[in-house]
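Since the structure comes first, as structure tokens, the remarks are kept for the end.
The values are calculated or read from the model by the stated rules, or taken from the named source; none is laboratory data. Worth saying up front: this structure is predicted, and the values here are computed from it rather than measured. These area figures cover heavy atoms from the full protein model, side chains too; ligands, DNA and RNA do not enter into them. Shrake-Rupley method; radii C 1.70, N 1.55, O 1.52, S 1.80 Å.
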Amino acid sequence: MHNRLKVRTTEAQKAAADREKEKKLQLYRNAINDVFERRSRKEYDILALKSSEGLLRSNPDIVTIWNYRKEILLHMKPSEEIINDELYLTEKCLQVNPKSYSAWYHRNWLLDNVDPNPDWNKELKLCTKYLKLDERNFHCWDYRQIVASKCQEPIENELKFTMEMIESNFSNYSAWHYRSKLFGAAGKDEECTKISELSLVESAAFTDPSDQSAWIYQRWLIGKLEPSKIIYKVSQIKNTVYLILNRNLPSNYKIIGLGETIWEQFDSKIWFKKLDNINSTKIQIIDELNQEIDDVSIDNVQKDIFNLDISEQLQLVLNGQLDSLRQLLELEPESKWAILTYVLLLYTLKPKDYFENCLKNIKLLKVLDTKRKNYYHDLESRYKIEHWIANNNNNNMDDVNLKGYGLTAFYHMHMFLFNINIDLSDNDLSHSNLNHLKYLIMCKKLSLKNCKLVNLNNFPALNNLESLDLRDNTIQEISCEELTKCKLLKTIIIDNKQIALGKILQGINQSINIEIL
């Protein structure tokens, strides 16, 4: 048995490892304490910089230490050698953790605030190097966007780079995202750009239908299409004319008509003008070249407002993609990204029976993709409200009846600005923000019966509201104070299970008539 190496037991090995770990931890604590003590003594010199290098190389995400180094560098007015050493340190830290937000941020800060002659072209090459190693490093993609702007890299070159990265891996969501940013910066909304990008993304999506990156980019492209009409409706309430828009007014557009006074904003999609006399009825929206973009007369409602501005050529491309999706879904009937894109294209192009097909496929998505069920509920709500507006809200209609539509969210409430009787009963609005009702400024009678409401938080001041139906809701009594903002409210309708609620409401405002039905 002599002269044989003793093999340690498992317990002994564990104890030795624990001692080694504790030793390293103590050294780490001592180093951290040393750096913090130097900072408290306001030591801003080379030794202070050296004291934290080892810590950052082992853990590049200690934000406080990077902040201390910033303080040191600002006090020192460092030489070129020190700046280069700091850049070298950040690069070493990025080798430890290429997705270290702190290291990327410090490098950007250093070049922006300390280096008198930053070499942004060198930084662009560094980004390329790291993205070749990890093509999905979104921290590096974000940094590249800053760097490309600083060195004024031509957008065409960056588009070419994203294309190379996408061709090597269609699943590179960061590259798709950066590509959308580049088009936005260049203002590239031209027809040929949309068509070429749609063709590109179709190839990527059909290569791997289960990957979401290309599908999301395609949704972004479809979402860039704008409604063909800006104005929805214009009407006069007493001495104020309200202009209801279908989308936000571009900054280079302006509204003219009804005199020389300037139109004011009630909201991003509602404009108004107070007048004593109206000497004309036409209102126009013009661009910076004074070209008419849209026009309407008072008390007119524009039809087909949810139709998008699609040229004949682009329509052919989108119809081709719709046909391709039908074929793909025959092979992959449960591909959720393909089904969602199919729904979006159906709603964009509006072929025969599009609405029924959209609802049918959204219902399928709720089953296949339960994690996004709330998104699909809200998308369905938007489509149903738009369909109702397109088919019902004509010039002379005072009533809005969306009873039992299965709504989970409020959409386009600003388009009900002039309606008097509004029925939203038998929907699930428990998670919706009641502040969206603020647009119902002319509403006198509102039903929120059986909307699964648990409180009235954010209920707006509806100055013309006279009757409110709250039956079949379990409302927290403390939230009833919100209703005191409605100065003309005369009647609140409740049910037999809400007797306690009725007493609370009566106590808040004794002039309110509580009806129990």
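Remarks
- Given (i) 26.6, 114; (ii) 31.3, 116; (iii) 22.1, 72, the label whose value is Rg and Dmax of the Cα atoms in Å derived from this model: (ii)
- The chain: antiparallel DSSP beta bridges as a percent of all, rounded to 5: 60
- For segment 345-387, accessible area per residue (1.4 Å probe, heavy atoms of protein chains only), Å²: 52
- Scanning residues 5 or more positions from E226 or on other chains, those with amide H under 5 Å from its amide H are D309, with H placed 1.01 Å from N in the peptide plane.
- Whole-angstrom gap from segment 115-134 to segment 407-462, using each part's C-alpha centre: 53
- Nonlocal Lys pairs with alpha-carbon distance under 16 Å, segment 434-517 (8 or more apart, or different chains): 11
- Within the assembled protein chains, the solvent-accessible surface assigned to E202 is about 40 Å², based on a 1.4 Å probe.
- Ligands, DNA and RNA left out, the accessible area of segment 248-299 computed with a 1.4 Å probe is 43% carbon and sulfur.
- Counting every alpha-carbon pair across segment 147-245, the share separated by more than 20 Å comes to 49%.
- For segment 46-154, the relative contact order comes to 26 percent (Cα pairs under 8 Å, sequence separation of at least 6).
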